[in-house]
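Asker: One structure, as structure tokens, below. Some questions next.
The values are calculated or read from the model by the stated rules, or taken from the named source; none is laboratory data. On a predicted model such as this, the values are computed, not experimentally measured, just so you know. Cβ: placed from backbone, ideal geometry, glycine included. Neighbour counts: every protein chain shown.
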Amino acid sequence: MKSHGEIWDECLEIIRDNVSENVFGTWFVPVVPFRHSGDEFVIQVPSQFFCEFLEEHYADLIYQALARVSGNTNIRLIYRSVVDSTSPKGGGCDTTK
């Protein structure tokens with residue numbers, strides 16, 4: 001079984017082939033794989049804005065890459081925001097798919 005880091009690295013290879021180098025460096029290099037458990041894959045992002053931007057502009061690409069690499073078409077992506085990590089809810093964006 002692949003680790004969350006291995007899964008994310010393979011996803012990044014797919015994503016890199018589908019976006020410009022500028023977009024990749026700005027929006028995907030700062031993302032850190034946080035946890036993979038069952039159907040949930042958690043990535044850590046620098047801010048709430050970062051989460052919202054990725055969800056609005058690149059969610060389909062991320063989900064397709066995750067499903068392909070993990071072999072799980074039911075995988076749910078959960079964002080965890082570093083800035084919000086001290087909040088009572090544990091941080092993160094409200095958006096999951």
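Asker: Could you list, in sequence order, all residues of the range 35-76 that are outside any helix (DSSP H, G or I) and surrounded by fewer than 18 Cβ atoms within 10 Å (Cβ to Cβ)?
Answerer: The answer is Arg35, Ser37, Gly38, Asp39, Glu40, Pro46, Ser47, Gly71, Asn72, Thr73, Asn74, Arg76.
Asker: Conditions first: (1) within 13 Å of Arg80 (Cα to Cα); (2) surrounded by 15 or more Cβ atoms within 10 Å (Cβ to Cβ); (3) among the aromatic types (Phe, Trp, Tyr). Phe28 passes all but one, so which condition is the exception?
Answerer: It fails just one condition, (1).
Asker: Please tell me if Ser81 is farther than 17 Å from Glu10 by Cβ, buried (at least 16 other Cβ atoms within 10 Å of the Cβ) and modelled with pLDDT under 95.
Answerer: For Ser81, the condition - farther than 17 Å from Glu10 by Cβ, buried (at least 16 other Cβ atoms within 10 Å of the Cβ) and modelled with pLDDT under 95 - is met.
Asker: Could you list, in sequence order, all residues of the range 10-51 that are modelled with pLDDT of 95 or more, under 18 Å from Thr73 (Cα atoms) and out of contact with any strand residue (DSSP E or B) (no Cβ under 8 Å at 6 or more places or on another chain)?
Answerer: Of everything in the range 10-51, those that are modelled with pLDDT of 95 or more, under 18 Å from Thr73 (Cα atoms) and out of contact with any strand residue (DSSP E or B) (no Cβ under 8 Å at 6 or more places or on another chain) turn out to be Glu10, Cys11, Leu12, Ile14, Ile15.
Asker: Against the conditions (1) touching a residue at least 40 places away in the same chain (Cβ under 8 Å); (2) surrounded by 13 or more Cβ atoms within 10 Å (Cβ to Cβ), where does Glu6 fall short? Just the number, please.
Answerer: (1)
Asker: Which ones in the range 84-97 are more than 15 Å from the chain's Cα centre (by Cα) and at pLDDT 50 or above?
Answerer: Asp84
Asker: Do we find that Asn72 is over 14 Å from the mean Cα position of the chain (by Cα) and touching a residue at least 12 places away in the same chain (Cβ under 8 Å) in this structure?
Answerer: yes
Asker: Step by step: first the residues of the range 13-33, then only those that are assigned to a helix (DSSP H, G or I) and in contact (Cβ under 8 Å) with a residue 40 or more places away in the chain, then the one that is farthest from Ser47 (Cα to Cα). Which residue is that?
Answerer: Here the answer is Ile14.
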